[in-house]
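A.B. asks: First, the structure itself, so that you have it in front of you.
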Amino acid sequence: MHAVKSSKGVLRRLMGAGAACLALMAAATPALADWTRFESPRFVLYSSGNATEAREMLEELEKFDRIMRMFMGQDLDGVPYRKLPIYLVSGPGLRTIRPDGNENIAGFYIPTDEDIFAVATRGSDNHTLKHEYAHHFMYQEFSYPYPGWFIEGFAEYYAPTLFKRNETHVGVPSPGRASALSYLSWMSMNELLANRPLTKARNSDSYYPLAWLLTHWFMGDATRRTQLHTYLSEVGAGGDPVEVMQKVTGLDAVELRRTLRRYMNSRVPYMGVRTTFPDIQITSERLPASADDLLLLGQQLKMGVSEERRAQTLQTIRQRAARYPDDPLALLVHAHAELHNGNDPEKAASLLEHLLSIDPNNVEGMQYLVRAKLDLADKAFEADDQEGGQRLKREAQSLLARAYQIDDANYITMLLMSENRRTDATYPTDNDMQVLEIAYTLAPQLGQIRYNYAAALLHKGRNDEAITIITPLVNNPHGENPAAKDLLLRAKGQTEAEAAAEEEAIKQRAAQEGEDEGEGTSPPQA
């Protein structure tokens with residue numbers, strides 16, 4: 001902490017009353033961390049390093065948001081219900097948040113039931129951050145049952161956006177993706193176009209580069225952009241993605257494959273747009289000294305700590321939190337660790353009640369106290385203490401009502417409200433449905449919210465709405481979700497055998513596609 005070192009140097013050189021005066025001032029001023037919280041209209045960024053880098057990152061992200069709004073026909077000045085938190089870290093900071101993760105990544109984005117946040121590493125070109133924010137933006141601004149290839153292709157199309165002095169370059173070709181397609185064997189167009197990627201598809205390592213290329217091909221021409229809009233609308237309404245592609249473009253799978261090869265081997269275009277951006281207001285606030293010790297560990301807890309690390313992480317947090325007995329952040333992180341790593345809701349509740357006595361409007365503290373009370377309620381029910389369990393649930397509901405009064409746009413509060421009601425015999429009531437709808441509106445990026453809302457819609461017989469809500473979760477190219485897939489089948493009135501038959505038909509069409517092209521899986525020519 002450079003400020004402390006500097007003050008000590010000054011004090012050593014000063015004598016008499018002047019030095020005594022400075023010492024009194026230092027004692028009266030709370031210690032500050034190296035961490036600073038920066039805030040712009042759509043983002044909150046936490047950084048312990050160069051303030052210039054943090055501000056430049058926020059400025060680029062605000063411009064990036066505006067460009068996507070312009071191209072997707074959204075309100076240019078629109079702001080989200082919740083600003084996206086971003087943690088700008090070095091390598092050690094990345095490992096603190098995600099100790100079991102890949103050390104070489106440029107960052108990541110994660111939606112959880114305790115936070116939705118992104119992490120970026122210093123000195124990166126922000127490509128990964130912009131890619132992940134494009135996903136976040138898509139789900140928030142125009143959540144729709146898009147096919148998986150377009151979900152990924154959309155993010156890759158916009159992520160390389162470059163901001164020049166008076167011009168913005170959109171759709172800049174990705175050298176990495178193009179290079180990969182020059183040596184990889186391509187998966188079949190039939191499997192690429194499937195609403196969700198098949199985990200056992202042949203040559204599946206070409207999925208992401210092909211998703212980028214197909215999106216770029218559509219976006220690179222005004223006529224094809226119109227075709228893309230029609231295609232996405234019809235597929236989202238339930239049309240077969242392969243049949244609709246041929247209907248809209250006039251190209252069957254083999255012809256589409258050949259067209260994409262020619263497009264890749266030509267000069268891939270991008271759009272240069274004359275742009276001016278409004279001034280971006282950014283405020284900053286130094287965080288308390290406890291942030292140096294506990295801020296990133298708090299984010300690690302929100303991601304979940306592996307079984308073998310839990311005891312050590314808990315011990316580390318206990319030791320560090322002890323240095324700040326009345327600090328809200330220290331109490332919050334310590335309570336969170338006791339709740340999840342220590343499996344001690346009573347101790348967590350005690351710490352959180354102390355936190356709320358210091359900071360009565362701490363919404364996050366209320367939310368963790370609700371979790372502690374619900375855990376204690378479960379223990380009471382297991383011990384056949386029905387009265388005690390119901391009392392704890394009522395206390396939790398009162399805390400949630402209080403948290404809602406302070407912040408009525410907090411998705412975690414709404415999620416906990418619905419979770420607290422799910423075991424009730426009358427669930428879901430009309431009020432429950434309203435709570436679920438608000439939670440979905442606030443955080444459509446979170447799979448748990450989508451699942452809960454879709455399940456409630458299905459329970460109410462609103463199958464078409466349930467299908468719209470759950471399909472993006474099933475189509476997510478980053479991994480299968482068996483529970484979501486099962487719910488989608490029930491909403492469609494489809495059996496597992498019928499779904500398996502559909503996937504087998506896709507594989508057969510893929511095999512036929514290779515035969516028709518007469519070259520099987522040989523790689524494209526550069």
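The values are calculated or read from the model by the stated rules, or taken from the named source; none is laboratory data. Predicted model, so just to flag it, every value in this text is computed and none were measured. Ideal geometry is used to build each Cβ from the backbone, glycine not excepted, and the neighbour counts take in all protein chains shown. Please note that ligands, DNA and RNA were not included when accessible areas were found on the heavy atoms of the full protein model with its side chains. Shrake-Rupley method; radii C 1.70, N 1.55, O 1.52, S 1.80 Å.
A.B. asks: Please report the Cα spread of the range 30-92 along all three principal axes, rounded to whole Å, starting with the longest.
C.D. replies: 45, 23, 19
A.B. asks: Compute the normalised compactness of the range 86-202: alpha-carbon radius of gyration over 2.2 N^0.38 Å, N being the residue count.
C.D. replies: 1.21
A.B. asks: Sticking with this structure for a sec: Averaging sequence separations of C-alpha pairs under 8 Å and six or more residues apart, then dividing by the length of the chain, give the relative contact order as a whole percent.
C.D. replies: 16 percent
A.B. asks: Going by average Cβ neighbours within 10 Å, how do the peptides 315-324, 240-249 rank, with the highest at the top?
C.D. replies: Highest mean packing first, the order is 240-249, 315-324.
A.B. asks: Filter the cross-link list Lys302/Lys485; Lys373/Lys492; Lys63/Lys485; Lys347/Lys460; Lys63/Lys460; Lys63/Lys247 down to pairs whose alpha-carbon distance in this structure exceeds 31 Å.
C.D. replies: Exceeds cut-off: Lys373/Lys492; Lys63/Lys485; Lys347/Lys460; Lys63/Lys460; Lys63/Lys247.
A.B. asks: Taking the inverse of the average 1/r across all pairs of different Cα atoms in the range 379-495, what Kirkwood radius in Å do you get?
C.D. replies: 15.4 Å
A.B. asks: Percent antiparallel among DSSP beta bridges with both residues in the chain, to the nearest 5?
C.D. replies: Taking every DSSP beta bridge with both residues in the chain, the antiparallel ones total about 70 percent.
A.B. asks: For the range 387-439 and the range 444-458, what is the centre-to-centre distance using only Cα atoms, to the nearest Å?
C.D. replies: Centre-to-centre (Cα) distance: 15 Å.
A.B. asks: Probe of 1.4 angstrom, ligands and nucleic acids ignored: what's the accessible area per residue over the chain, in square angstrom?
C.D. replies: Result: 47 Å² per residue.
A.B. asks: Another question, if that's okay. How many percent of the accessible area of the range 75-216 is carbon or sulfur, using a 1.4 Å probe?
C.D. replies: Looking at the range 75-216 in its full context, I get 47 percent from C and S.
A.B. asks: In square nanometres, what is the average projected area of the Cα convex hull of the range 246-324?
C.D. replies: 13.4 nm²
A.B. asks: I need two numbers for the chain: Rg to one decimal and Dmax as a whole number, Cα atoms only, in Å.
C.D. replies: So, for the chain, Rg and Dmax equal 26.2, 92 Å respectively.
A.B. asks: Then there is this: Could you put Met72, Met57 in order of accessible surface area, largest first, with the 1.4 Å probe and the full protein assembly present?
C.D. replies: Met72, Met57
A.B. asks: What is the distance in Å between the Cα centroid of the range 185-257 and that of the range 60-101?
C.D. replies: Spelled out, the Cα-based centre of one part sits 28 Å from the other.
A.B. asks: Rounded to the nearest 20 Debye, what is the dipole magnitude of the range 86-129 about its Cα centre when Lys and Arg each give +1 and Asp and Glu each give -1 at the C-beta?
C.D. replies: Here the range 86-129 has a charge dipole of around 200 debye.
A.B. asks: Could I ask something else about it? Given a cut-off of 15 Å, what percent of all Cα-Cα pairs of the range 372-428 lie beyond it?
C.D. replies: Of the Cα pairs, 50 percent sit more than 15 Å apart.
A.B. asks: Could you work out the Rg to Rh ratio of the range 299-365, with Rh taken as the Kirkwood radius (inverse of the mean 1/r over all Cα pairs)?
C.D. replies: 0.96
A.B. asks: Follow-up question, since we're still on this one. As a test of the formula, what do you get for the chain when each DSSP H run with n ≥ 4 contributes -39,500 (n - 2.57) and the sum is divided by the residue count, at 222 nm and rounded to the nearest 500 deg cm²/dmol?
C.D. replies: -19500 deg cm²/dmol
A.B. asks: On a full-extension model of 0.36 nm per residue, what is the gain between Ala409 and Arg165, subtracting their alpha-carbon distance, rounded to one decimal in nm?
C.D. replies: Result: 84.2 nm gained on full extension.
A.B. asks: May I ask you to list the chymotrypsin sites (Phe, Trp or Tyr not before Pro) in the range 33-132 that are in a DSSP loop and have at most 15 other Cβ atoms within 10 Å of their Cβ?
C.D. replies: Answer by residue number: Tyr81.
A.B. asks: Need one number for the range 173-250: average projected area of the convex hull over its C-alpha atoms, nm².
C.D. replies: One quarter of the hull surface, i.e. the mean projection, equals 5.3 nm².
A.B. asks: With a 10 Å radius around each residue's Cβ, average the other Cβ atoms per peptide and rank 208-220, 384-396, highest first.
C.D. replies: Result, highest mean Cβ count within 10 Å first: 208-220, 384-396.
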